[in-house]
Number of protein chains: 2
Amino acid sequence: MTTRAAEPPHPTRLRLLEAALTVIRTKGYAAARVEDVCAEAGLTKGSFFHHFRSKEELAIAAAAHWSEMTGRLFAGAPYHGHEDPLDRVLGYVDFRRSLLEGALPEFTCLVGTMVQEVYATDPAIDRACADSIEGHAATLEADIDAARAAYGVHGAWTTRGLALHTQAVLQGAFILAKAEGGPAIAAESVDHLHRYISLLFGRDPARARPPSPATEKESR
Amino acid sequence: MTTRAAEPPHPTRLRLLEAALTVIRTKGYAAARVEDVCAEAGLTKGSFFHHFRSKEELAIAAAAHWSEMTGRLFAGAPYHGHEDPLDRVLGYVDFRRSLLEGALPEFTCLVGTMVQEVYATDPAIDRACADSIEGHAATLEADIDAARAAYGVHGAWTTRGLALHTQAVLQGAFILAKAEGGPAIAAESVDHLHRYISLLFGRDPARARPPSPATEKESR
């Protein structure tokens, strides 16, 4: 049921997946009807059921599509080009902060929204959402490990736990943004995360950011 | 439509409110049916519609009930008895960590769940959830201000922003707990929050916790 990165999805399937992202991020999974997704995509229910057997199958495919789409976005982001691993970790946080703009459904998280609703009632969607969050967090672990080695920072915490904590802050920041109706409060929480990681590695949080590395220097 | 703290709700209304907390925290607001709430409460739909005109009215009253219930819990918690204001702030975080046990619907947040779903579609519930989160965060501000004064900590952040950040971490920790199926990962994020606040105020995060103040010493 998942879309493999190697095979681009059929254009109609892709339109339905993109529409699912918009509709679910706007009104939630339970309230999203197949009709809403079709209307957003400008397609018929016949087209929908040609590509997906159910709303649940769409949601699982949407989580996989989300992981691929955001995976490409983060893989191509400039923070990977910093030589200092702590600059890479903090550059990731800065990059997340730079994404906090526009309308709420444009910058909030598909899988954080879905897992909140279905964790107890739909194990397959729950698993797809957990895989997406955990898989993204895992992309930070090599840089956190390298920063711990470079700065000699150990302490009573795990690399995986810190990687997941960055996701907790972001998911919670999205909830505050929804409560307050805009991204400003979310940006403040991401700034606290940046300050925390700086302090944890013994760096002055007020130190100027290093210049963004040139895109051609990206190492991955 | 809101329940005032001075007037305890009618026992039947209270049973419906408590049932709403369980049902919505288990399956989300959109998927929760009036029938589910009645079944959980062991009451009829006639009883329900005697007390609430709609599911929306129940949700708004449930958010107010949640604020009162959690407000009493936090007002009576031992952390208020610490003399050092930083101990009070960190004691709040420790108290939140101590609540992370049992089944997911028992320790996760009603209003964080509802606002995630309805922020774009139901302004009245959105407002009730925002009031609950912001009102709770505001209870931390006096202690954060006192700690800033006592420790001479200023920096490029606001007291309200840090108070709301504690809520962002908790809300995000609940999402991770739902993704991972248990509270362990949420507790790790709350530990990161504790470590952050310690570092922010220049205290060694490995310092032993002060003994919990005796309940009779509670100042509020």
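Values quoted throughout were computed directly from the atomic coordinates according to the rules given, and no laboratory measurement underlies them. Computed from a predicted structure; not experimentally measured. A quick note on method: Cβ atoms are made from the backbone with ideal geometry, for glycine too, and the neighbour counts reach across all protein chains shown.
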Estimated distance in nm for a label pair at A:LYS45 and A:TYR151, the labels positioned 7 Å out from Cα along Cα-to-Cβ: 5.5 nm
Pairwise label distance in nanometres, A:PHE95 with B:ARG72, each label 7 Å out on the Cα-Cβ vector: 4.9 nm
Qualifying GluC sites (Glu not before Pro) for region B:95-195 [loop in DSSP, other Cβ within 10 Å: at most 16]: B:GLU101
Options B:PHE174, B:TYR29, B:ALA130, ranked by Cα towards positive dipole end of chain B, top entry (Cβ charges): B:TYR29
Average beta carbon contacts from partner chains per residue of A:158-168, 10 Å cutoff: 6
Top positive-direction residue, dipole computed over chain B with Cβ charges, set B:THR44, B:ALA103, B:TYR92: B:THR44
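If you place +1 on the Cβ of every Lys and Arg and -1 on the Cβ of every Asp and Glu, how big does the dipole about the Cα centre of the protein assembly as shown come out, in debye to the nearest 20? If you can, show how the numbers build up before the last one.
Working: 46 positive and 56 negative charges, 48 e Å.
Using Cβ point charges on Lys, Arg, Asp and Glu, the protein assembly as shown gives about 240 debye.
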19 Å tail of the calculated P(r), region A:10-96, as % of Cα pairs: 47 percent
Close Lys-Lys pairs in the protein assembly as shown, where close means Cα under 25 Å and separation is 8 or more or interchain: 19
Cβ-vector label at 7 Å, B:LEU14, separations to other copies in nm: 5.9
Helix-only CD estimate at 222 nm, as mean residue ellipticity for the protein assembly as shown, using -39500 (n - 2.57) per DSSP H run (n ≥ 4): -21000 deg cm²/dmol
Approximate spin-label separation B:THR158-A:GLU106, in nm, with each point projected 7 Å along Cα-to-Cβ: 2.4 nm
At most 12 other Cβ within 10 Å, DSSP loop - trypsin sites (Lys or Arg not before Pro), region A:1-75: A:ARG4, A:ARG33, A:ARG53
Label point 7 Å beyond Cα along the C-beta direction, distances from A:GLY135 to other copies (nm, shortest first): 4.1
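Can you give me the Kirkwood hydrodynamic radius for the protein assembly as shown, using every pair of distinct Cα atoms, in Å to one decimal?
Values: mean 1/r = 0.0438 Å⁻¹.
Its Kirkwood hydrodynamic radius stands at 22.8 Å.
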